[in-house]
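Remarks on the structure that follows.
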Amino acid sequence: MELYGYAGKVLRIDLNSGSISKENLDVEMARDYLGGQGINTRLAYDIIEPGIDPLGPENPIILGAGALSGALVIGSSKLSATTKFPLNGAIGTAVACGFAPQLKWAGYDNVVITGASGEPVYLQIFDDDVRISDASDIWGKDIFEATDALREKHGDDISVICIGQAGEALLKISLALVDKMSHLGRGGFGAVMGSKKLKAIVVQGTRGVKMADPELVQRILEFVMGRALTDRNRERWIQYGLMGVADAWIDNAVLLRDNKREGPPPEETKATYGLKPWSEVVETTPWAGPSCITCDKNIIRIRKGKFAGLETTASVPISSSGYFGIPFRIDINSAVKCHDLFQRYGIDELDGAYLIELLIELQDKGLVTSEQLGMELKLGDAEAVMQATEKMVKREGFWDSVADGIPGVVGKIEGASKHVVQQKGMAHVMDGRACMGIEAFGYLTNPRGAQTFSLVRTPATALPGVPTELLQGLVNTHYQLGAGAQKRIFHDGKWNVGRITPHIENHNTACNCVGLCYRFFIGRIYNAVTIAAAYSAVTGIPLTAEKFQRIGERVYNLQKAANVREGFSRKDDSFPERWLTEPIKQEGRELWLQDYTKTDRLTREDAEALLDAYYEERGWDPKSGIPTKEKLVSPGLKDFAADLEARGILT
């Protein structure tokens, strides 16, 4: 049977024995789970035994190209990487731009990596030439250095997943970078690679992808291209990437300081860290992954002042100002330098920067001393931030616990837990007190932790002010919700964030399965109908918008079931305590937790009711937060329901 869209092979590599094997893709599995996150999750449920050590050789790394990756489809370069994450023990999927098209062109839909090498290695996947190669000469190098060395050896046409010294040192807040740019796997994916002595994975493919109906694919491409070119914000996205939202995020207290207690004064902060001063200090060059039409990532270079000439990469350009400049009150030049350190070492900026910020408060409150830290931490001191970063990477003294993330700090410092804002051991970008949108609520419910699987097409609810009728129209256009769901979600000029979030999560999960980006500027040019049509044209397998959403729900439920086996339940989806008990303060006003329309303050009981609504909308048991047997059986997960029932989890 000739396959279209799919490469048709799964590559299996055992680092213990050095064995390499190839097997045919299960076509029925592809129909049921599409690809990418879907097939990864299906494979992971069978491979990952409950309770295994995330840093043990038995924990697999499963890579998956989306069903549309490598085809003539805009924004279809997303790679899915599935494993058990060491920061919190959750089983989940990380996504990143790039690598997936080359993997597909090399002839593989998925790669399953098991075992651990005794010596540093990297994987080389060049069509049929698959090797486990010696990496001793690049072990110890940072991500930029190692990737450049691999390109010098194998040429510039390769795509590279690489870890830095943070992954080598098994930091649970480490990640990998794809092609020195895209973040892959906050929560410790870098440490999983490091535990296997796997420095990098290199791929180059020459085979291309066969499409069932190339003419229809071309027509869909032209239609989507037309939508993209009419985006009034297109030039802004290309020039600034996500830095383009900086001023709006500052105005609305999305970017916080003082351990998430204060929204900095907007005008003063924009004058120091906003788009205008950023443009004066930093020169940006747009960067796009394969098939991206927006070029929203940046190569950034400091024009003048301290560290002038420093050049680095930024998948999320706002991170320098937002995660370093504003919280630590350091200038943009120093913030870019700190960002560059994190990029090179392979440290998650959200968790790593937040941990240093948290320790400043804990030190000021006397819960930890400068003697314990081996240094003095204080605001306005960029050198201290850089020194702390080095100590984390080296796991030096007290910083050995910091390298294990928020759980490590909370376990080390008595009384620290009441000062932390976290979900499943991970720091947040979106704070529900600033805006209880779908993005902030989705941080609570994602089985993997504080992730953005609930990112909404523009206009996003990450900022307040989207009229209810506009959001309802967006839901109709993009997510194909039925009348019953809309009635449950929208009423009396308001909407229920607990009930709408599952539908956004399902859609975005399905996008991960086909390899489609859902950042604002790509997500807005697609809807479920267009994506289903593209899938059908590429693969020749009929797919409706309704089935696309349903497969997203199936995959999301299966990921939840895998984590239920690990002991996760409703208690792990709870609102951060500080969201419920204290406000964000900004220029004399107090931002308490409220509904999105900011007409009602939310009590603890209201917060619990939103979680109830979420579970009810999903068809899960509200009391436990666990999918019911009926819900698992109905989307085609009967065998997995039986597994949970046999383990005494489902009753």
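Values as computed for the structure displayed
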read-out	value
Residue tally, condition polar (S, T, N, Q) and surrounded by fewer than 16 Cβ atoms within 10 Å (Cβ to Cβ), over region 6-47	5
Filter pass, TYR33 being outside the structural domain of ILE163 (by TED's automatic domain parsing), in contact (Cβ under 8 Å) with a residue 60 or more places away in the chain and of a type in the set (Ser, Thr, Tyr)	no
Filter result for LEU216 (surrounded by 20 or more Cβ atoms within 10 Å (Cβ to Cβ) and either in contact with a His (Cβ under 9 Å, 6 or more places away or on another chain) or not in a loop (DSSP other than H, G, I, E, B) (or both))	no
Flag for ALA532 being aliphatic (A, V, I, L, M) and either free of Cβ contacts under 8 Å to residues at least 40 places away in the same chain or in contact with a His (Cβ under 9 Å, 6 or more places away or on another chain) (or both)	yes
Any pair with Cβ under 7 angstrom, 6 or more apart, that starts in region 45-60 at a residue that is assigned to a loop (DSSP other than H, G, I, E, B) and hydrophobic (A, V, I, L, M, F, W, C) and ends at one that is at pLDDT below 95 and surrounded by 13 or more Cβ atoms within 10 Å (Cβ to Cβ)	none
Enumeration of residues in region 584-602 that are surrounded by fewer than 19 Cβ atoms within 10 Å (Cβ to Cβ), in a loop (DSSP other than H, G, I, E, B) and not small (Gly, Ala, Ser)	GLU587, TRP592, ASP595, THR597, LYS598, THR599, ASP600
Residues (out of contact with any Leu (no Cβ under 9 Å at 6 or more places or on another chain), touching a residue at least 24 places away in the same chain (Cβ under 8 Å) and among the aliphatic types (A, V, I, L, M)) located in region 619-651	ILE649
Criterion: assigned to a helix (DSSP H, G or I) and over 17 Å from THR509 (Cβ atoms) - qualifying residue of GLU553, GLU617, GLU605	GLU605
Failed criterion for VAL466 (all others in (1) under 17 Å from the mean Cα position of the chain (by Cα); (2) in a loop (DSSP other than H, G, I, E, B) hold)	(1)
Residue in region 110-122 that is modelled with pLDDT of 95 or more, under 18 Å from ASN557 (Cβ atoms) and surrounded by 19 or more Cβ atoms within 10 Å (Cβ to Cβ) present	no
Test: residue in region 113-133 that is assigned to a loop (DSSP other than H, G, I, E, B), under 28 Å from GLY567 (Cβ atoms) and in contact (Cβ under 8 Å) with a residue 60 or more places away in the chain	yes
Residue within region 274-291 that is farther than 28 Å from LEU310 by Cα and in contact with a Lys or Arg (Cβ under 8 Å, 6 or more places away or on another chain) present	no
Residues within region 516-563 that are within 15 Å of ILE220 (Cβ to Cβ), buried (at least 24 other Cβ atoms within 10 Å of the Cβ) and of a type in the set (Gly, Ala, Ser), tallied	3
Matching option when the condition is under 26 Å from the mean Cα position of the chain (by Cα), surrounded by fewer than 21 Cβ atoms within 10 Å (Cβ to Cβ) and among the aliphatic types (A, V, I, L, M), among ALA613, ALA646	ALA613
Some residue of region 250-264 being part of a helix (DSSP H, G or I), buried (at least 19 other Cβ atoms within 10 Å of the Cβ) and outside the structural domain of GLU587 (by TED's automatic domain parsing)	yes
Options ASP431, ASP381, ASP351: the member that is touching a strand residue (DSSP E or B) at 6+ places or on another chain (Cβ under 8 Å), over 24 Å from GLY194 (Cα atoms) and in contact (Cβ under 8 Å) with a residue 12 or more places away in the chain	ASP431
First in region 1-19 and farther than 17 Å from ASN110 by Cβ and without any contact (Cβ under 8 Å) to a residue 12 or more places away in the chain, second anywhere and polar (S, T, N, Q) and surrounded by fewer than 16 Cβ atoms within 10 Å (Cβ to Cβ), Cβ under 9 Å, 6 or more apart	none
Filter pass, GLU145 being farther than 30 Å from VAL538 by Cβ and either in a helix (DSSP H, G or I) or within 17 Å of the chain's Cα centre (by Cα) (or both)	yes
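The values are calculated or read from the model by the stated rules, or taken from the named source; none is laboratory data. Because the structure is a prediction, the values reported are computed rather than measured. All Cβ positions, glycine included, derive from the backbone under ideal geometry; neighbour counts span all protein chains shown.
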